[in-house]
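Below: one structure, written as structure tokens.
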Amino acid sequence: METFFSHYLLFLADTATIVVALLMVAGGLTAIALNKRKTPATGQVQVSDLRKQLEQSSENVQQYRLDKKALKVHQKALKKDRKAKDSNVESCTYLLDFKGDLRASAVSALREEISAIIQAAKPGDTVLLRLESGGGMVNTYGLASAQLLRLRAAKIHVTVLIDAVAASGGYMMAVTADRIVASPFALIGSIGVVAQIPNFHRWLQDRNIDWEQFTAGKFKRTVTLFGKNTDTGRAKLREELEETHAQFRNFVQQYRPQLDLEQVATGEAWLGSKALQLGLVDQLATSDEIILEAAQKGKVLALHYQRQKTLPQRLGLATQQSWDKLWQIPIS
């Protein structure tokens with residue numbers, strides 16, 4: 001009986017502690033939310049020496065590959081080579097990554113990384129951009145392309161590396177580079193514009209549901225989800241798509257004047273080997289080959305902008321982890 005009551009009291013104490021902790025977290029989150037506008041999230045550009053990382057990886061392999069005597073000779077030669085490289089003024093290569101979604105949301109980090117490079121770069125420095133995107137919204141990908149053009153304006157040579165896909169808005173970004181390198185089976189191109197939208201008007205009609213929409217301006221809405229679309233609205237949307245496509249074509253032509261737009265600006269996409277024949281890319285290789293080549297010539301710095309989480313975000317994550325642990329049920 002005594003054992004039962006002691007366990008029961010411990011249970012109550014643990015429960016009370018958890019409840020109090022949750023109330024404190026909830027109160028803290030409420031207080032912080034009220035001051036959220038006063039403490040905007042910030043971030044910083046994190047830099048890593050990729051050449052040193054590659055050298056360390058190679059050394060890890062050599063320790064197993066070579067016997068003790070050969071390893072000692074190798075390490076001595078490597079030390080001498082490093083000293084010679086460090087004593088010379090060498091150019092620097094900056095490595096960026098852009099993995100695009102429909103809204104090109106990675107552009108917020110890209111702009112910070114490019115600003116850092118422009119301020120730090122010296123004559124002869126270059127940028128490698130590993131790009132992966134199937135495209136998305138024209139305005140946000142236009143902004144991403146404009147960010148890369150800042151590097152050209154600063155006279156910094158840019159090479160875009162495409163391992164998997166750079167289509168539509170992704171290719172819009174790629175053409176701003178001085179050189180485009182793609183792997184043989186990467187998907188390249190899709191110089192076109194598309195808009196598609198479902199329409200539930202007949203479905204609503206069948207269920208006697210009215211849909212009312214009020215606009216000011218003849219073409220404030222061209223086609224809609226729920227209203228009855230008109231030939232005039234469809235024609236206006238097609239006109240807007242053609243205008244956007246024409247601007248896309250002109251943008252590509254400006255930076256890749258050697259392209260036959262009648263052949264490549266059809267909305268089609270090609271594998272890397274065919275894209276090379278069409279002039280959409282300049283070289284076939286993987287990003288790994290180009291990065292290793294750059295590391296053999298000089299320093300390679302990988303930049304990544306990391307946005308700092310706000311206190312509410314950190315507390316929310318910690319609370320979620322604690323909650324998950326609390327409700328973990330062991331299976332025997």
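The values are calculated or read from the model by the stated rules, or taken from the named source; none is laboratory data. Everything quoted here is computed from the prediction, not taken from an experiment. In this analysis, Cβ positions are derived from the backbone assuming ideal geometry, glycine residues included, and neighbour counts consider all displayed protein chains.
Applying the condition of being in contact with a helix residue (DSSP H, G or I) (Cβ under 7 Å, 6 or more places away or on another chain) and within 30 Å of ALA121 (Cα to Cα) to region 51-70 and asking which residue is surrounded by the fewest Cβ atoms within 10 Å (Cβ to Cβ) yields LEU54. Restrict the check to region 82-104 and report whether at least one residue is modelled with pLDDT of 95 or more, assigned to a strand (DSSP E or B) and surrounded by fewer than 16 Cβ atoms within 10 Å (Cβ to Cβ). Taking every residue of region 82-104 in turn, at least one turns out to be modelled with pLDDT of 95 or more, assigned to a strand (DSSP E or B) and surrounded by fewer than 16 Cβ atoms within 10 Å (Cβ to Cβ). Against the test of being at pLDDT 95 or above and either surrounded by 14 or more Cβ atoms within 10 Å (Cβ to Cβ) or of a type outside the set (S, T, N, Q) (or both), the options LYS297, LYS274, LYS325, LYS309 yield a single qualifying residue, LYS274.
Evaluation of SER48 against the conditions (1) of a type in the set (Gly, Ala, Ser); (2) loosely packed, with under 14 Cβ neighbours inside 10 Å; (3) modelled with pLDDT under 90 shows that the sole unmet condition is (3). Scanning region 186-243 for residues being among the aliphatic types (A, V, I, L, M) and either loosely packed, with under 12 Cβ neighbours inside 10 Å or part of a loop (DSSP other than H, G, I, E, B) (or both) gives a total of 11. Within region 135-167, the residues that satisfy the criterion of being over 17 Å from ALA269 (Cα atoms), surrounded by fewer than 23 Cβ atoms within 10 Å (Cβ to Cβ) and touching a residue at least 40 places away in the same chain (Cβ under 8 Å) are VAL138, SER145, GLN147, THR159.
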